[in-house]
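Student: What follows is a structure written as structure tokens; I'll ask about it next.
The values are calculated or read from the model by the stated rules, or taken from the named source; none is laboratory data. Keep in mind that this is a model prediction, so the values were computed, not measured. Heads up, the Cβs are rebuilt from the backbone with ideal geometry, glycines too, and the neighbour counts pull from every protein chain shown.
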Amino acid sequence: MRTQYYTAASLDGFIATKDDSLEWLFPLADPDQTSYPQFIKDVGALAMGSATYEWMLRHLIKPGSAAPGEWPYEQPTWVFSTRELPGIPGKDIRFVRGDVRPVHRQMRSAANGKNIWIVGGGELAGRFLDAGLLDEIIVQVGSVTLGSGKPLLPRTITSPSLKLVSVQRFGEGIAELRYEVPRP
């Protein structure tokens, strides 16, 4: 069981634009042609921040629209937020706030031996890192630059540095980097 931050970022280190757009990412690769299908099979629980959850509501679920979408995950999901957010009927989505450590214990139990995915954003992944709970960072680096936006991981990690485990290419637009997070 590993706690993994699996995400995509621009070449200059941003996971989204200032206004939380991911439109830059979609032309670069079909997720089904990347490591994602195998990755998600090994995930037993998810954590995401409120901006990620709200993006999914607006762009995937579209509640109240003529053709609402489906929640894409079967796994229980913990959404970290200081605000009240709408749930999705019939889906195991739990709203939490505060320290990630007690929530991580709940997630480990629910994951039943599978991995925990920190979906995003970078600040939430940083909180798991700060608590010593992040095992791996998997970032698919896209062949675009954004100039500014939401940072991949707003933390300083220098000593010990991350350990590069693998590099893989997907199409002409994505390089996937896998790093183990060292324990101090």
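Student: Restricting to the stretch 4-29, count the residues that are among the acidic types (Asp, Glu), more than 30 Å from residue 105 (Cα to Cα) and touching a residue at least 40 places away in the same chain (Cβ under 8 Å).
Tutor: Count: 1.
Student: Now for a separate question. Residue 79 fails exactly one of the following numbered conditions: (1) crowded, with 17+ Cβ neighbours inside 10 Å; (2) among the hydrophobic types (A, V, I, L, M, F, W, C); (3) free of Cβ contacts under 8 Å to residues at least 60 places away in the same chain; (4) over 23 Å from residue 130 (Cα atoms). What is the number of that condition?
Tutor: Against the list (1) crowded, with 17+ Cβ neighbours inside 10 Å; (2) among the hydrophobic types (A, V, I, L, M, F, W, C); (3) free of Cβ contacts under 8 Å to residues at least 60 places away in the same chain; (4) over 23 Å from residue 130 (Cα atoms), residue 79 comes up short only on (4).
Student: Quick check on this structure: which one of 76, 68 is of a type outside the set (Ser, Thr, Tyr), touching a helix residue (DSSP H, G or I) at 6+ places or on another chain (Cβ under 7 Å) and over 29 Å from residue 108 (Cα atoms)?
Tutor: Selected residue: 68, the only one of 76, 68 that is of a type outside the set (Ser, Thr, Tyr), touching a helix residue (DSSP H, G or I) at 6+ places or on another chain (Cβ under 7 Å) and over 29 Å from residue 108 (Cα atoms).
Student: In the stretch 101-133, how many residues are more than 27 Å from residue 148 (Cα to Cα), within 15 Å of the chain's Cα centre (by Cα) and of a type in the set (Val, Ile, Thr)?
Tutor: The number of residues fulfilling the criteria is 1.
Student: Output the residues belonging to the stretch 106-119 that are polar (S, T, N, Q) and not in a helix (DSSP H, G or I).
Tutor: Of everything in the stretch 106-119, those that are polar (S, T, N, Q) and not in a helix (DSSP H, G or I) turn out to be 112, 115.
Student: Same structure, new question: Just checking, does the stretch 59-67 include any residue being modelled with pLDDT under 95, part of a loop (DSSP other than H, G, I, E, B), surrounded by fewer than 19 Cβ atoms within 10 Å (Cβ to Cβ) and charged (D, E, K, R)?
Tutor: Yes, the stretch 59-67 contains at least one residue that is modelled with pLDDT under 95, part of a loop (DSSP other than H, G, I, E, B), surrounded by fewer than 19 Cβ atoms within 10 Å (Cβ to Cβ) and charged (D, E, K, R).
Student: Which one of these is closer than 18 Å to residue 1 by Cα and in contact with a strand residue (DSSP E or B) (Cβ under 8 Å, 6 or more places away or on another chain): 95, 128, 80?
Tutor: 128
Student: Right, another one. Test residue 109 against the stated conditions and say whether it is polar (S, T, N, Q) and under 16 Å from residue 55 (Cβ atoms).
Tutor: no
Student: Would you check which residues across the stretch 149-173 are under 29 Å from residue 19 (Cα atoms), in contact with a strand residue (DSSP E or B) (Cβ under 6 Å, 6 or more places away or on another chain) and of a type in the set (Lys, Arg) and list them?
Tutor: 150, 169
Student: Pull up the stretch 88-105, narrow it to residues that are assigned to a loop (DSSP other than H, G, I, E, B) and free of Cβ contacts under 8 Å to residues at least 24 places away in the same chain, then point me to the one that is nearest to residue 64 (Cα to Cα).
Tutor: 89
Student: Across the stretch 133-151, which residue is surrounded by the most Cβ atoms within 10 Å (Cβ to Cβ) among those that are farther than 20 Å from residue 40 by Cα and touching a helix residue (DSSP H, G or I) at 6+ places or on another chain (Cβ under 9 Å)?
Tutor: Only one residue fits best here, namely 150.
Student: Let me ask something else about it. When you scan the stretch 99-131, how many residues do you find that are surrounded by fewer than 18 Cβ atoms within 10 Å (Cβ to Cβ) and either touching a Lys or Arg at 6+ places or on another chain (Cβ under 7 Å) or modelled with pLDDT under 95 (or both)?
Tutor: Qualifying residue count for the region: 1.
Student: Another question, then. Taking into account only those residues within the stretch 162-184 that are in a loop (DSSP other than H, G, I, E, B) and at pLDDT 95 or above, which is surrounded by the most Cβ atoms within 10 Å (Cβ to Cβ)?
Tutor: 181
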